[in-house]
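*Asks:* Before anything else, here's the structure in question.
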Amino acid sequence: MTNHLYQNDLPDNVKLNGDLAIDSETRGLNIFQRDRLCVVQICDASGNAHLVQFKNSEYDKAVNLKKLLSDTSRMKIFHYARFDVAAFKIFLGVDVKNIFCTKIASKLVRTYTDKHGLKDLVKEVLDVDLSKQAQSSDWAAELTDKQIDYAASDVLHLHKLRDRLDKMLVGEGRRELAQKCFDFLPTRIELDIGGWLADDIFAH
C-alpha cells in the first residue's frame, strides 16, 4: 500500500479503476458557513491512496478530480456521505451520484448498537484498529506523515466494509431500502445547503 499526495488536482497519469472509496478533510465541521475543503482522499481496489490537498482554495485547478467525482459509471463509497458530498458540491461544484454510504448501511443493519463511527465499524466488521489521533489537525498546512497515514486509513478499508455491509443488507432484506436512502442523499444535501440542515421536514 502506497500513499500519494498531490496539490490541487490528480495528475493526468493517475489511473484509478472501478469503484472508488472517497473521504475528505476540512478546516472544521461547519462547511456551510465557515470551514473550507482542504483534502480529498481517493482509493480504488488496489489499496493505494491518492490525496489531493488544497492549501489555498484553488479549487478551479481540480479538473481531473472533478471529472472523477462526477463519473456516474463508478460507485463512490463513503462513510457519512452526507458531509463529504456536500463539501464537494459547495467547494468543487460537483454533484456526486452512484453512492454507497457505509454509515447509512450500518444504521440499517447494525440495529443492536448506536456506535456507527468508522473506527467502531471497522473494528467490529473487519477487526481492524484505526488510529484517530490526527483527526483534529490543520489540514491546510504542510501535512505530516501521521496526517497522511490517518487520511489514507479512512479510505483504505471502505471497499471491504462496503462488501460486508452489502451482504448484511441483503441478508436482512434491506438492500432496496438502503439504495433508496443513497439515492435520496443529493436531495438531503440540497436541503442542508438551503438552510434545513438541522430540520426534519417530515416531522409533525
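*Asks:* Which numbered condition in (1) under 23 Å from ALA198 (Cβ atoms); (2) in contact with a strand residue (DSSP E or B) (Cβ under 8 Å, 6 or more places away or on another chain) is the only one that LEU65 fails?
*Replies:* Result: LEU65 passes all but (1).
*Asks:* Now, a different point. Scan (1) in a loop (DSSP other than H, G, I, E, B); (2) closer than 23 Å to LYS119 by Cβ for the single condition VAL14 breaks and write down its number.
*Replies:* All conditions pass for VAL14, except number (2).
*Asks:* Filter the range 53-75 for residues that are surrounded by fewer than 19 Cβ atoms within 10 Å (Cβ to Cβ) and among the aliphatic types (A, V, I, L, M); which is nearest to the chain's Cα centre (by Cα)?
*Replies:* My answer is MET75.
*Asks:* Identify the residue in the range 155-196 that is assigned to a helix (DSSP H, G or I) and small (Gly, Ala, Ser) and, among all such residues, is nearest to LYS89 (Cα to Cα).
*Replies:* GLY194
*Asks:* Also, I was wondering about something else. Is there a residue in the range 90-100 that is of a type in the set (S, T, N, Q) and within 25 Å of THR2 (Cα to Cα)?
*Replies:* No, the conditions are met nowhere in the range 90-100.
*Asks:* Determine if the range 107-117 includes at least one residue that is touching a His at 6+ places or on another chain (Cβ under 9 Å), in a helix (DSSP H, G or I) and over 27 Å from ASP145 (Cα atoms).
*Replies:* yes
*Asks:* Touching a residue at least 12 places away in the same chain (Cβ under 8 Å) and assigned to a loop (DSSP other than H, G, I, E, B): which single residue out of VAL128, VAL122 fits that description?
*Replies:* The match here is VAL128.
*Asks:* Run down VAL63, VAL85 and say which single residue is at pLDDT 95 or above and more than 30 Å from ARG175 (Cβ to Cβ).
*Replies:* The conditions single out VAL63.
*Asks:* Only one of these conditions is not met by ILE42: (1) surrounded by 16 or more Cβ atoms within 10 Å (Cβ to Cβ); (2) in contact with a helix residue (DSSP H, G or I) (Cβ under 8 Å, 6 or more places away or on another chain); (3) more than 16 Å from LYS160 (Cα to Cα); (4) not hydroxyl-bearing (Ser, Thr, Tyr). Which number is it?
*Replies:* (3)
*Asks:* Residues in the range 95-106 that are at negative phi, surrounded by fewer than 19 Cβ atoms within 10 Å (Cβ to Cβ) and either assigned to a loop (DSSP other than H, G, I, E, B) or modelled with pLDDT under 95 (or both): how many?
*Replies:* 2
*Asks:* Still on this model: I'm trying to understand the selection: among the residues of the range 29-39, which are crowded, with 16+ Cβ neighbours inside 10 Å and over 15 Å from the mean Cα position of the chain (by Cα)?
*Replies:* ARG36
*Asks:* In contact (Cβ under 8 Å) with a residue 40 or more places away in the chain and crowded, with 17+ Cβ neighbours inside 10 Å, is that true of PHE78?
*Replies:* So PHE78 passes the test.
*Asks:* Still on this model: Out of the range 131-154, which residues are free of Cβ contacts under 8 Å to residues at least 12 places away in the same chain and part of a helix (DSSP H, G or I)?
*Replies:* Of everything in the range 131-154, just one residue is free of Cβ contacts under 8 Å to residues at least 12 places away in the same chain and part of a helix (DSSP H, G or I), namely ASP145.
*Asks:* Are any residues in the range 18-50 within 20 Å of HIS79 (Cα to Cα) and out of contact with any strand residue (DSSP E or B) (no Cβ under 8 Å at 6 or more places or on another chain), and if so, which ones?
*Replies:* GLY18, GLY28, LEU29, ASN30, PHE32, ALA45, SER46, GLY47
The values are calculated or read from the model by the stated rules, or taken from the named source; none is laboratory data. Just so we're clear, the structure is a prediction, and the values are computed from it rather than from any experiment. Positions of Cβ are generated from backbone atoms using ideal geometry, with glycine treated the same way; all protein chains shown enter the neighbour counts.
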